[in-house]
Amino acid sequence: MEQCEQPKHVRYQAVSPNRRGLFPGIFALANGLANSGRLGPPDWTAWRRANDRADAAYLDPMTVDASVYDRAINPTAQSWFKNTATNLPADLHFYEDLLRRYGVEYRMLRSDDPGIVLYEDDVQIVVAPW
């Protein structure tokens, strides 16, 4: 019997599109929640710490290529995590829990080929989706 491999990439994103017709990713959803003022002080502090950990642990693609998320150049750019990013699950559990508790709907997508790769590093790719 052949064993199925996990898809190479995973993305957590909004269930519904935003005003621009895009589906924000999990970090954008959590940041939007925090910026809306809906988080209580303990959740805001935990969100800030989680973002600080992520900023320290993972390279921001825009520091390598400022055009990667430029809406005029790549208006539909989206990030996908590689399935080899072993440190990510612990961080993602926090964001998933936060979104669930505040009623922000999201879904997980898996793909071997989510789009044209605009940026790539050890843990993520940024693509222009197909």
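Since every read-out is calculated from the coordinates, none of them should be taken as a lab result. What you see is a predicted model, and the numbers here were worked out from it, not measured in a lab. Heads up, the Cβs are rebuilt from the backbone with ideal geometry, glycines too, and the neighbour counts pull from every protein chain shown.
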Would you work out the relative contact order for the stretch 9-129, in percent, from Cα pairs under 8 angstrom that are 6 or more residues apart?
-> 38
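Can you give the extra length, in nm with one decimal, that the chain gains between Ala28 and Tyr102 once fully stretched, where that is 0.36 nm per residue apart less the Cα-Cα distance? Display every interim value, and only then the final one.
Numbers: separation 74, 0.36 × 74 = 26.64 nm, distance 1.44 nm.
Gain on stretching Ala28 to Tyr102: 25.2 nm.
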Mind pulling the per residue volume of the convex hull built on the Cα atoms of the chain? Å³ is fine.
-> 133
Report the charge-dipole magnitude of the chain in Debye, nearest 20, computed about the Cα centre from +1 at each Lys and Arg Cβ and -1 at each Asp and Glu Cβ.
-> 640
Counting other Cβ atoms within 10 Å, keep those with at most 13, restrict to DSSP loop, and tell me which trypsin sites (Lys or Arg not before Pro) in the stretch 29-62 are left.
-> Arg38
Would you grab the residues whose amide H sits under 5 Å from the one on Tyr119? Only those 5+ places off in sequence or on another chain, please, with H modelled 1.01 Å from N.
-> Val126
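Relative to the present Cα-Cα distance, how much length would full extension add between Ala46 and Asn83 at 0.36 nm per residue of separation? Before the final figure, lay out the partial values.
On the way: separation 37, 0.36 × 37 = 13.32 nm, distance 2.52 nm.
Gain in length upon complete extension: 10.8 nm.
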Could you list the GluC sites (Glu not before Pro) in the stretch 2-96 that lie in coil according to DSSP, counting only those with at most 16 other Cβ atoms within 10 Å of their Cβ?
-> Glu2, Glu5
